[in-house]
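What follows draws every value from the coordinates through simple rules; no lab data is involved. Being a predicted model, the structure only gives us computed values, none of them experimental. All Cβ positions, glycine included, derive from the backbone under ideal geometry; neighbour counts span all protein chains shown.
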Amino acid sequence: MSKYDSGKDEKYAEMFKALSNPHRLKIFLRLACCGPEGMACKKDNICECVGDLSGNLGIAQSTISHHLKELHRAGLISTRRNGQRIECWVDKGILGKLSDFFKTPAPD
């Protein structure tokens with residue numbers, strides 16, 4: 001029997017499924033390098049948003065929006081509307097959960 005409860009197994013599966021797409025992984029890694037609520041990603045006191053990611057990663061804005069929706073649905077990122085901008089970031093707790101997953105010994 002698994003050391004993880006089935007609810008956690010399913011949640012991790014959702015996270016890894018979301019990260020299995022190369023574009024989503026690229027977006028997630030970019031956001032994971034930022035501070036809480038995008039603070040480290042600020043340029044000229046403006047947080048990175050959907051439009052910023054589109055230009056910086058060479059991915060169409062509509063595609064970025066789709067991938068951000070999937071990352072958000074999987075619980076990997078948080079978003080906030082600021083006027084016309086949608087700011088997004090990775091909560092540091094998520095990085096800790098992913099790290100803990102890999103530190104936990106595999107079931108026998």
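Only Lys, Arg, Asp and Glu carry charge here, each on its Cβ (+1 for the first two, -1 for the last two); on that basis the range 7-101 has a dipole of about 80 debye about its Cα centre. How would you classify the range 7-101 from its alpha-carbon gyration tensor, with a ≥ b ≥ c the square roots of the eigenvalues: rounded for a/c under 1.5, else prolate if a/b is greater than b/c, otherwise oblate? Note, shape of the range 7-101 comes out prolate. With θ taken as phi - 60° and the Karplus curve 6.51 cos²θ - 1.76 cosθ + 1.60 applied, the whole-hertz 3J(HN,Hα) list for the range 68-85 is 5, 4, 5, 5, 5, 4, 7, x, 8, 9, 10, 9, 8, 7, 10, x, 8, 8 Hz, x standing for glycine and proline.
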